Amino acid sequence: MTLDVAVNIRSRGLNYEENLLWDKARSDEPGVDLPVPEGLRLRTGADARGEIGLPQVSEPQVLRHFVRLSTMNYSIDSGFFPLGSCTMKHNPRLNEKLARLPGFANLHPMQPESTVQGALEVMYTLQQYLGELTGLPGVCLAPAAGAHGELAGMMTIRRAHEARGEVQRDTVLIPDSAHGTNPATAAICGYKVKTIVTKETGRLTLEAFREALGDGVNVAGMMVTNPNTCGLFEGRIVEIAGLLHAAGGYFYCDGANFNALVGKIRPADFGVDVMHINLHKTFSTPHGGGGPGSGPICVTEALAPFMPVPVVEKTGERYRLQTEDDRPETLGRLKGFHGQFGMHVRALAYIMSHGNDGLLQVAEDAVLNANYIMSQLKEDFHVPFEGPCMHECLLTDKAQKEAGVTTLDIAKTLVEYSFHPMTVYFPLVVQGAMLIEPTETESQDSLDRFIVAMKSIAEDVRAGDSGRFHDFPVSTPRRRLDEVRAAKEPKLRWKR
Ligand SMILES: *Cc1c(COP(=O)(O)O)cnc(C)c1O
């Protein structure tokens with residue numbers, strides 16, 4: 001046996017090259033398919049079983065395989081995760097502990113309501129708190145993610161227009177910097193999308209909004225993220241919401257960036273009618289492979305009759321789930337059962353353990369951390385829009401591009417330096433965008449390390465040492481992947 005067979009030559013140090021289990025299988029080692037004893041008559045009278053095609057590997061091999069795979073996932077528990085627009089904050093272990101209490105973890109959604117009063121109280125209390133934090137009192141916890149919340153919210157708006165007979169309203173206004181889920185949601189709801197141009201300014205202007213609104217008779221509403229996807233607060237939002245409302249439209253706020261505002265301002269106060277909240281962003285429930293999303297929606301009192309069911313109601317000391325029978329104008333159910341209950345427990349634990357003052361500090365520290373990074377890097381990287389940022393800062397590769405080093409090269413170099421990259425090439429309207437969201441849970445030490453890595457990249461580019469950037473990362477098990485091909489021609493099955 002040669003050395004590269006004995007030790008897989010791609011394994012280095014204690015980092016293993018992990019092949020598929022089938023590649024490890026050696027037919028002479030018994031695994032799950034024990035050889036059929038000769039001359040044995042099966043008691044069922046059936047023919048002897050054929051091979052079922054599972055790899056012939058032993059229990060320790062299987063165990064090692066999956067344990068090794070589990071160590072390959074980069075996560076917020078292993079390091080800094082500055083992915084803009086994703087709010088990769090620490091998931092407090094207290095939340096996990098509470099979600100695992102047997103009284104919560106072992107519930108079945110079809111149990112009689114009288115046996116799950118505590119769980120319903122958790123959901124009811126979360127509804128109340130989310131209503132208070134947004135200023136939008138109608139809350140439905142059912143949507144299973146942010147994008148699902150967008151769908152729930154836009155269907156609510158559609159239903160309200162239909163109830164008033166305003167079926168000519170077939171258009172939704174969306175800024176060009178929006179997250180892709182916004183126009184996708186509007187389209188799935190049957191709306192036409194009209195773009196509000198912000199490309200030059202990074203923010204909504206009254207002129208661009210008026211231009212998109214026109215006479216407004218066909219406008220159902222707008223979908224706006226605030227702070228927006230460039231990490232900037234929309235300073236004209238109150239006037240814009242006023243113009244939209246005067247034209248009979250509703251303001252859908254994409255609440256994915258609520259971490260910049262939570263406890264500080266209530267979106268209803270700047271004119272929002274409907275908003276989703278990503279519990280897995282602002283309220284710290286695990287995501288990105290760590291757990292399911294959860295995207296409750298919050299709506300004004302006027303829109304509450306139309307939102308989906310179920311909604312938890314409290315009468316006296318009893319809690320119950322309202323259904324279609326209690327809410328004749330509801331758009332109905334969007335999924336089975338009651339939403340991601342485990343995430344409701346975690347989010348409530350997060351809110352209660354922070355309190356009013358703690359949540360306010362979350363928003364302020366998130367904004368402070370992003371501005372710290374921006375202030376340290378603005379000499380080295382181009383900052384496309386003026387003014388302080390909110391909870392994420394936007395840079396571009398403009399200063400490096402002339403030397404042939406692009407945003408992609410910078411992101412891959414960060415991987416070589418053991419950092420998860422920032423969000424790249426989003427928002428789409430900004431050339432070579434790098435969107436950095438540190439969140440409030442990073443220490444100054446970890447921010448400083450990231451800043452040093454970024455500065456040293458800029459310095460090396462200035463020193464003319466740019467060729468090597470196209471090769472990074474070089475120390476990882478895989479290097480640059482053909483991501484387009486992987487997405488377009490995924491191999492989902494192992495074939496012999
Ligand atoms: C994350 C995000 C969404 C979508 O939320 P999911 O929970 O991933 O479905 C929508 N809009 C913005 C701005 C986001 O950052």
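The values are calculated or read from the model by the stated rules, or taken from the named source; none is laboratory data. If you're wondering where the values come from, they're calculated on a predicted model, not measured in any experiment. Every residue, glycine as well, gets a Cβ built from its backbone with ideal geometry; the counts of neighbours run over all protein chains shown. Note: accessible area is taken over every heavy atom of the protein model, side chains too, but ligands, DNA and RNA are not part of it. Shrake-Rupley method; radii C 1.70, N 1.55, O 1.52, S 1.80 Å.
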**Request:** Positive end of the charge dipole of the chain (Lys, Arg +1 and Asp, Glu -1 on Cβ, about the Cα centre): tell me which of H280, A212, I265 has its Cα farthest that way.
**Result:** H280
**Asked** How much of the accessible area of the chain, in percent, comes from carbon and sulfur atoms when a 1.4 Å probe is used?
**Response** 54
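Treating only the Cβ of Lys, Arg, Asp and Glu as charged (+1, +1, -1, -1), what charge dipole size does the chain show about its Cα centre? Round to the nearest 20 debye. Don't jump to the answer; show the numbers that get you there.
Values: 50 positive and 60 negative charges, 250 e Å.
Around 1200 debye, computed over the chain.
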**Prompt:** Hey, how many Å between the Cα centroid of the stretch 328-344 and the Cα centroid of the stretch 171-226?
**Reply:** 28
**Request:** Show which lysines lie in cross-link reach of K97 when reach means a straight Cα distance below 26 angstrom and same-chain residues fewer than eight apart are skipped.
**Result:** K89, K281
**Asked** How would C86, C189 rank on accessible area, largest to smallest, probe 1.4 Å?
**Response** C86, C189
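As a test of reading the structure, rank E18, E489, E392 by solvent-accessible area (1.4 Å probe, protein chains only), most first. Working shown, then result.
On the way: E18 30, E489 110, E392 0 Å².
Correct descending sequence by accessible area is E489, E18, E392.
Provide the net charge surrounding I174, with neighbours chosen by a C-beta distance below 13 Å and charges set as Lys +1, Arg +1, Asp -1, Glu -1. Spell out each step's value before the answer.
On the way: positive: K192, K194; negative: E150, D176, D254.
Computed value for this residue: -1.
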**Item:** Neighbour cut-off at most 11 other Cβ (10 Å), DSSP loop, trypsin sites (Lys or Arg not before Pro), the stretch 88-119
**Value:** none
**Request:** Choose one of T476, I188, P55: the residue whose Cα lies farthest towards the positive end of the charge dipole of the chain (beta-carbon charges +1 Lys, Arg; -1 Asp, Glu; about the Cα centre).
**Result:** P55
**Fill in**
The alpha-carbon center of the stretch 429-450 and that of the stretch 132-153 are separated, in whole Å, by 28
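To the nearest 20 debye, what charge dipole does the stretch 361-488 have about its Cα centre, counting +1 at the Cβ of each Lys and Arg and -1 at the Cβ of each Asp and Glu? It would help to have the intermediate numbers written out before the result.
Working: 13 positive and 21 negative charges, 140 e Å.
Computed about the Cα centre, the dipole is about 680 debye.
Can you work out the accessible area per residue across the chain, with the rest of the protein chains kept in place, probe 1.4 Å, in square angstrom?
Details: 25150 Å² over 496 residues.
With all protein chains present, the chain gives 51 Å² per residue.
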**Message:** List the residues, sorted by chain then number, that are 5 or more residues from T423 or on another chain and whose placed amide H is less than 5 Å from its amide H.
**Reply:** G84, L435, E437
**Request:** Determine the distance separating the Cα centre of the stretch 467-486 from the Cα centre of the stretch 48-97; give it in Å without decimals.
**Result:** 22
**Prompt:** Taking amide hydrogens as modeled 1.01 Å from N in the peptide plane, which residues meet the under 5 Å criterion relative to Y250, leaving out close sequence neighbours?
**Reply:** G221, M222
**Asked** So which GluC sites (Glu not before Pro) in the stretch 223-318 pass both tests, a DSSP loop state and at most 15 other Cβ atoms within 10 Å of the Cβ?
**Response** E301, E317
